[in-house]
Amino acid sequence: MVLDRMPPTQSNNETLRDYTMQVSDEFEQCRRQAYSLALRLLNNQDDALEVVQTSIEKGLNHPNAPALDHAEFKPWLFTVVRNKSIDILRRKKNLPHVEHEEYHSAAPQKHEPERSLQQMQLKETIEQALELLNTQQREIVLLRDYHNFSYAEIAKILGIAKGSVMSRLHR
């Protein structure tokens, strides 16, 4: 990094601090999204937290893991989260339903109560539809529509061909 070769100055320190803050914010957003995926796959808050924590630990300690600020870190982390979630699903058969806070925590808008009600009803309908999908279908929908991964990134995360991602999404 260029900053390593430059004498410390106020400008360099500010640049480094800004860069650190940006990476920290991006990592926190990635962590939340990984937790959301794990929670939706597992329907268990404790298992989802454990999956994300162990996945992040693996990301920090694994010699072949991409760096936190590398574009490949997020798909790599989601691959690990998915695989660990599948391991837990294989061990457990009956999982309790858990409410997903990101869909139920939005406070209704005072100035548009009818619109807020419609949005809440739509979210509940989508939630119910997602629960009807099998794990394979649900994870592809979540990765594409909720986490905005490209077909190529989803293929990499799931370890399948890009064409398979496309066909599974359009079933």
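The values are calculated or read from the model by the stated rules, or taken from the named source; none is laboratory data. Please read these numbers as outputs of a predicted model, since none were measured by experiment. FYI the Cβ positions are ideal-geometry reconstructions off the backbone, even for glycines, and counts take in every protein chain you see. Just the protein is used for accessible areas: all its heavy atoms, side chains included, with ligands, DNA and RNA removed. Shrake-Rupley method; radii C 1.70, N 1.55, O 1.52, S 1.80 Å.
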Query raised in the report: Can you flag which of Lys84/Lys156; Lys92/Lys156; Lys58/Lys84; Lys74/Lys156 are past 21 Å Cα-Cα?
Result: Lys92/Lys156
**Report entry** Segment Glu114-Leu68, length gained on full extension (0.36 nm per residue, minus Cα span)
**Finding:** 12.3 nm
Query raised in the report: Once you list every other residue whose beta carbon is under 11 Å from the beta carbon of Ala65, what net charge do they have if Lys and Arg are +1 and Asp and Glu are -1?
Result: -1
Report summary line: Taking only protein heavy atoms and a 1.4 Å probe, the highest-to-lowest accessible-area order of Phe27, Phe73 is Phe27, Phe73
Report summary line: In whole Hz, the Karplus estimates of ³J(HN,Hα) for segment 149-157 (6.51, -1.76, 1.60; θ = phi - 60°; x where Gly or Pro) are 6, 6, 4, 5, 5, 4, 4, 5, 4
Report summary line: Non-local residues with an amide H under 5 Å from the amide H of Ser150, with H modelled 1.01 Å from N and Pro and chain starts lacking one, are none
Query raised in the report: For segment 9-74, with every protein chain kept in place, what is the accessible area per residue (1.4 Å probe, Å²)?
Result: 60 Å²
Report summary line: Net charge near Ala155 (other residues with Cβ under 15 Å of its Cβ; Lys, Arg +1; Asp, Glu -1) is +3
Query - From phi via Karplus (6.51, -1.76, 1.60), per-residue ³J(HN,Hα) for segment 53-59 in Hz, x at Gly/Pro - result: 4, 5, 5, 5, 4, 5, x
